[in-house]
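Before any comments, here is the structure.
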Amino acid sequence: MKKFILSLVCLTMAGIALAQNATLPQNITIKALDGSSVQTSALQNDGKPMIISFWATWCKPCNRELNTIKEVYEEWQEETGVKLIAISIDDARSATRVKPHVNGNGWEYEVYIDQNQDFKRAMNVVNVPHTFVVNGKGEIVWQHTSFVEGSEEELLEIVKKAAAESAE
Amino acid sequence: MKINYKHYTLLALMACAGLGANAQGIMGGHVTGNIQLDGQISSADSIIGAQDVPEKLLMNARADILYTNGDFSAGMRFEAYQNPILGFNAKYKGQGIANYFASYNGERLSVTVGNFYDQFGSGMILRAYEDRYLGLDNSLLGIDVVMRPFDGVTIKALAGKQRYYWEYGAGLVRGIDGEVNFNSIIKSMADSKFRFTMGAGFVSKYEDDQTIPYPENPSFKLNLPLNVGATAIRADLSYGNWGLQCESAFKGQDPSIMNDYIYRKGQAQMINLTYSQKGLSANIQAKYVDNMSFKSVRSESGEMLYINYIPSITKQHTYAFLSMYPYATQTTGEMGLQADLMYKFKKETLLGGKYGTDIHLNGSVITGLDTSRIGGAGTYGYTTAGFTPGELYYADASLEVAKKLNSKLKLTCTYGYQIFNPIVEGHHGDLHHNHVVVGDLTWKLNKKNVLRFEAEWMGSDSKYDSNVDDKRCGDWIMGLVEYNFTSAWFVSLSDQYAYNDGVGNYYNLSVGYTHGATRLQLGYGKQREGLLCIGGVCRQVPASNGLTFSLTTSF
């Protein structure tokens, strides 16, 4: 038991010591809503910040988050140039419902399906929702798991900061 | 598969590969990972049937460490079950390096050696995956190669053995799969409204011979196929607002404990039609599964060593009473139909009001197959009457209305009706007919304080019978109050109580703290016995009673 806790602590410290601003993994295959394959290197926003949000059709807080941001997305885009990329982790049970779900909700986001969860694993996502902010250089500058009404304001502050840095 | 020198050597090799890359001038690289701890301090409770836990504290822990440097990555996972928490198989007891891999991910080629996860199409013939909350891990230990020779074409080839708790199953799994996206390879189709992707795969399993006596005459043994093949073809088409996905899978003779060693071939068919536009979406799905349990070890009857994955098409409900009777696919044979409709009444209309109203309708019916028996082990088993439905297994219908009342209040009301046949969980008995009503109110007091209330009622014609001991029977009520201070803190208090024809009182108090990607949660109370469904997979968990804690973090 002692050994095990010790090794966990060591691993955590090694992780924190080495964790600089990680960048997005480049060559992981995800699916666009039309069924075609896309590499994660294609997730770009011309040097402006991106929000990458892992979600699922069956996840209530994820849907609350994406529906809440929908109301203010246009303002956010005008203000910061941000782009939201929604990565669905729905598996075979519900993956076919992703496209109707997105259209039905009227989401104007870029949406991909990570059915084999390769991207989810590479980003160390444990639970959904899990939201990342990526700055103009492609570095992950912030992440958060869980969503409650009102926390979109905090997200906007982070995005504004990332946008200001990108503009420098 | 505990820690041994082999693993240290491999880790050393991985580290060297990383350092080597640095030495060649590709400086940097990142270490990322995630850690999860789940613990229970449990005490026995005869009313809800919680078992006495002699070691008092049960704990699961895992840490994934991932090193990435450009196109190269390597990782390992440490797991410890000291001892496994309730609901996890006792075979997990122990600790060690459960998973390790090294991977090159180039633009045109990806190669992974070690443990890997992959799937062909939707997984009807192959899906190596894990669900950490259900204790499922079918990762393959071997080699996985993915080639993208030009845009729009993907070819996968893989071989390996499947994880079985701390060991690996004896069966060898090999597979090849190809997928073509016609909009990428045919230039004139690049901007077409018509989108078309097709794919096909083949999987073969090899397992040594063993002696299974022929029951009609035990001096004979079954002539078992050592190689079992399965193949699938799939298509994904869309035109404007319309979409169509279909997949068809076939499996050769595969006598196993799952089908009582019959020699019937297997098949699965799935078709899904969708229509969607802004504010409206509809989807209808049909499924047919016949003798499609495909495992890498023929004598394994538990939840592990599945090569394929055939999901349930029923809706994944999230409210407690609606998900109390989850439906798990009967891979031995079933057919079903499912439909979904989502509509948004626009703002400033009669039903939309100031903020608009969302409605969501859903229905599904699943039945067994209409079969005629031929014989038992060593025979073709049975014949079917084509696509004729058999006994009713499950049906449900639900209507959900979600409405923002004003800038602070949001209300969701749901009504659901379910018919559940206990035979799908291996019990005989009457059908359960349940009505469920849920009200869910979110009250945003201000920017930082949010309250949520949930009330549920379930009326059922089922009655608790101590011989069957199904603790879901009877009529139930439930209340839940949740307070959130920003997305950092929450406290929730809930109680589920059987007021008629049932037994049990499940109260729970939970407190959670989230900071960035770190989340700590403490709970005290009683956990319901029954099937636990997360991410579309269901398995039985026993009741627990006491203190639980959970920590997850990513870095």
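The values are calculated or read from the model by the stated rules, or taken from the named source; none is laboratory data. Not measured: the values here are computed from a predicted model. Glycine gets a Cβ as well: all are built from the backbone with ideal geometry, and neighbour counts include every protein chain shown.
Structure summary
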{"quantity": "Residue within the stretch B:157-165 that is at pLDDT 95 or above and surrounded by fewer than 18 Cβ atoms within 10 Å (Cβ to Cβ) present", "calculated": "yes"}
{"quantity": "Where B:LEU369 falls short, out of the listed (1) touching a Gly at 6+ places or on another chain (Cβ under 9 Å); (2) surrounded by fewer than 21 Cβ atoms within 10 Å (Cβ to Cβ); (3) closer than 30 Å to B:PRO213 by Cβ", "calculated": "(2)"}
{"quantity": "B:ALA80 touching a helix residue (DSSP H, G or I) at 6+ places or on another chain (Cβ under 6 Å), facing chain A (nearest Cβ under 8 Å) and part of a strand (DSSP E or B)", "calculated": "yes"}
{"quantity": "Residues satisfying the stated conditions in the stretch B:315-352, i.e. at pLDDT below 90, hydroxyl-bearing (Ser, Thr, Tyr) and farther than 28 Å from B:ALA385 by Cα", "calculated": "B:THR318, B:TYR319, B:SER323, B:TYR325, B:THR349"}
{"quantity": "Tabulated pairs, the stretch A:87-99, first more than 7 Å from chain B (Cβ to nearest Cβ), second part of a helix (DSSP H, G or I), C-beta under 8 angstrom, 6+ apart or interchain", "calculated": "A:ILE87/A:PHE119; A:ILE87/A:LYS120; A:SER88/A:ALA95; A:SER88/A:VAL98; A:ILE89/A:LYS120; A:ASP90/A:ARG97; A:ASP90/A:VAL98"}
{"quantity": "Residues that are closer than 13 Å to B:TYR306 by Cβ and part of a loop (DSSP other than H, G, I, E, B), drawn from the stretch B:247-261", "calculated": "B:ASP254, B:SER256"}
{"quantity": "The stretch A:22-38: number of residues that are more than 7 Å from chain B (Cβ to nearest Cβ) and assigned to a strand (DSSP E or B)", "calculated": "6"}
{"quantity": "Yes/no for B:ASP151 being more than 10 Å from every other protein chain (Cβ to nearest Cβ) and in contact (Cβ under 8 Å) with a residue 24 or more places away in the chain", "calculated": "no"}
{"quantity": "Residue satisfying all of: in the stretch B:84-96; within 14 Å of chain A (Cβ to nearest Cβ) and surrounded by fewer than 19 Cβ atoms within 10 Å (Cβ to Cβ); nearest to B:VAL31 (Cα to Cα) among these", "calculated": "B:GLY96"}
{"quantity": "Some residue of the stretch B:183-203 being closer than 15 Å to B:LYS295 by Cβ, at pLDDT 95 or above and touching a Gly at 6+ places or on another chain (Cβ under 9 Å)", "calculated": "yes"}
{"quantity": "Of all residues in the stretch B:132-173 being among the basic types (Lys, Arg) and out of contact with any Leu (no Cβ under 6 Å at 6 or more places or on another chain), the one that is nearest to B:VAL203 (Cα to Cα)", "calculated": "B:LYS156"}
{"quantity": "Residue, surrounded by the most Cβ atoms within 10 Å (Cβ to Cβ), within the stretch B:244-268, restricted to residues that are within 14 Å of chain A (Cβ to nearest Cβ) and either without any contact (Cβ under 8 Å) to a residue 12 or more places away in the chain or within 22 Å of the chain's Cα centre (by Cα) (or both)", "calculated": "B:ALA249"}
{"quantity": "Top-ranked residue of the stretch B:371-380 - restricted to ones that are hydroxyl-bearing (Ser, Thr, Tyr) and not in a strand (DSSP E or B), ranked as nearest to B:GLY266 (Cα to Cα)", "calculated": "B:TYR380"}
{"quantity": "B:VAL438 being within 30 Å of B:HIS428 (Cα to Cα), touching an Asp or Glu at 6+ places or on another chain (Cβ under 6 Å) and within 14 Å of chain A (Cβ to nearest Cβ)", "calculated": "yes"}
{"quantity": "Residue in the stretch B:381-402 that is part of a loop (DSSP other than H, G, I, E, B) and within 30 Å of A:GLU149 (Cβ to Cβ) present", "calculated": "no"}
{"quantity": "Among the candidates B:ILE233, B:ILE212, residue that is modelled with pLDDT of 95 or more and either more than 30 Å from B:PHE78 (Cβ to Cβ) or not hydrophobic (A, V, I, L, M, F, W, C) (or both)", "calculated": "B:ILE233"}
{"quantity": "Filtered residues of the stretch B:381-432 (kept if of a type in the set (S, T, N, Q), within 14 Å of chain A (Cβ to nearest Cβ) and more than 19 Å from B:GLN316 (Cα to Cα))", "calculated": "B:ASN406, B:SER407"}
{"quantity": "Condition check for B:PHE196: of a type in the set (Phe, Trp, Tyr), within 12 Å of chain A (Cβ to nearest Cβ) and in contact with an Asp or Glu (Cβ under 8 Å, 6 or more places away or on another chain)", "calculated": "yes"}
